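Scroll down for the structure; my scribbles are underneath it.
Any read-out appearing in this document is the output of simple, stated calculations on the displayed coordinates, not a laboratory observation. Note that the structure is predicted; figures quoted are calculated from it, not measured. Ideal geometry is used to build each Cβ from the backbone, glycine not excepted, and the neighbour counts take in all protein chains shown.
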Amino acid sequence: MKLKKMLVGCLCLMAMASCGEGNQSANNQATADPAVEEGKNAVIENIMARRSIRKYKSEAVSREVLDQIMLCGINAPNGQNKQSWEVRVVDTPQVMEEIRSALNAAYPKMENAAGCFRGAPVMVFIARDKGYDFSAYDCGLMAENMMLSAWSLGVGSICLGSPVRMINDNPACAPILERLGFSEGYELCLCVGLGYADEAPAAKPRDMGKVKFVE
């Protein structure tokens, strides 16, 4: 009888220990932060690896790849799901040359006004709905989705403001806007260049001191 009681006691202790190990394992899994484990979070790796590209290869980006990038773009968060943007993708050399020539003609005193496109073989022109005061933010979120998804597919990118100013501020650039064909009530807001990178720029330092936790 004593032996039987001892065996039962041992089994109970083993079961409790096993449960404790299981709970500890579960707790470890619950508290583990994949973001801090090197090589464990593809999203964070992609964000940290992306660079602004200013030198591109002549290799064309396929429409299939561009469609995927645009799909990621329009799935960005946006106010009230208004999708307060319009997008025009220029990926043919002939059309891009038309736009470059028109920009150079509008700024005859500049040696190469079209250099503001940074030589990207694909240019995405994003317009915002002027009737919605948060539309510019929505366009920015969409552009970020495009650039991050592009990088994950091996495509470099750069977000550009100079072409926006140059096109919007000069009436001589009206033919460019007509060529892009945005709807009435929309204005050019951002440009995103896309293409296969022909450079590998190093990351520039960021100032985490600008980030404060409010206690």
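Below 8 Å, C-alpha to C-alpha, sequence gap of six or more: please give me the relative contact order for the range 51-195 in percent.
Once normalised by length, the contact order is 36 percent.
Return one quarter of the surface area of the convex hull spanned by the alpha-carbon atoms of the range 51-195, equal to its mean projected area, in nm².
Values: hull surface 33.1 nm².
Average of the hull's projected areas for the range 51-195 equals 8.3 nm².
Report the full-extension gain for the segment Asp169 to Met110: residue separation times 0.36 nm, less the Cα-Cα distance, to one decimal in nm.
19.7 nm is the gain from fully extending Asp169 to Met110.
Would you kindly derive the ³J(HN,Hα) couplings of the range 72-77 from the backbone phi angles with the Karplus curve 6.51 cos²θ - 1.76 cosθ + 1.60 (θ = phi - 60°), listing them in order in whole Hz, with x for Gly and Pro?
Whole-Hz 3J(HN,Hα) from phi for the range 72-77: 5, x, 6, 8, 5, x.
Hey, rough spin-label estimate for Lys210 and Ile74, points 7 angstrom out along Cα→Cβ, what's it come to in nanometres?
My value for the distance between the label points is 3.3 nm.
Quick check on the range 51-195: of the DSSP beta bridges with both residues there, what percent are antiparallel, nearest 5%?
Of the beta bridges lying entirely in the range 51-195, close to 95 percent run antiparallel.
Mind listing the long-range amide H neighbours of Tyr56? Cut-off is under 5 Å, sequence gap 5 or more, other chains count too, H placed in the peptide plane at 1.01 Å from N.
Asp198
Expressed as a whole percent, how much of the Cα-Cα distance distribution for the range 118-157 exceeds 15 Å? If you can, show how the numbers build up before the last one.
Numbers: 389 of 780 pairs.
Cα-Cα pairs of the range 118-157 separated by over 15 Å account for 50 percent.
Rule-of-thumb check for the range 131-205: C-alpha Rg over 2.2 N^0.38 Å?
Details: Rg = 14.7 Å, N = 75, 2.2 N^0.38 = 11.3 Å.
Its radius of gyration relative to the 2.2 N^0.38 Å reference: 1.29.
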